[in-house]
Amino acid sequence: MPKITFIDVDGTSYEATVDAGLSLMEAAINVGVPGVLAICGGSCACSTCHAYIDDAWATIVGGPNDIEDATLDLANDRRSGSRLTCQVTVTAAMDGLVVHVAKND
Ligand code: FES
């Protein structure tokens, strides 16, 4: 199973061993990562699961579709690596991925 590291806004790391097929949002909630509020429950409507993907992982993780892109416009401090974690499905290729949680409040 892929291992994912989440880093919260204070710099604290949280390790998650994740079943492929879960979303990054579900993985973060499962290990209690602060700041992944996920108010809409993963339906791509709130942007409170916003996080940043390092450039080195951009190809593997991919970019947002048009619906996610529109919702990301609601997020605080959108950057080139911004993704909504509810819209990223974990795959085996993501083993070692590091995700930086955005300031979502
Ligand atoms: S949980 Fe609301 S957009 Fe991801």
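Only the coordinates and a few stated rules stand behind these numbers; no lab work does. Being a predicted model, the structure only gives us computed values, none of them experimental. All Cβ positions, even for glycine, are placed from backbone atoms using ideal geometry, and neighbour counts span all protein chains on display.
Of note:
- For the pair W57 and A93, the difference between a 0.36 nm per residue extended length and the Cα-Cα distance amounts to 12.0 nm.
- Listed values for region 15-32 are Karplus-derived 3J(HN,Hα) couplings in whole Hz (6.51 cos²θ - 1.76 cosθ + 1.60, θ = phi - 60°), namely 9, 10, 9, 10, 5, 4, x, 6, 8, 4, 4, 4, 4, 5, 5, 4, 10, x, and x replaces Gly and Pro.
- Per-residue 3J(HN,Hα) values for region 35-41, derived from phi via the Karplus relation 6.51 cos²θ - 1.76 cosθ + 1.60 with θ = phi - 60°, read x, 8, 6, 6, 4, 8, x Hz in sequence order (x marks Gly and Pro).
- Loop-resident sites, region 17-105, for trypsin sites (Lys or Arg not before Pro), counting at most 16 other Cβ within 10 Å (DSSP): R78, R79, K103
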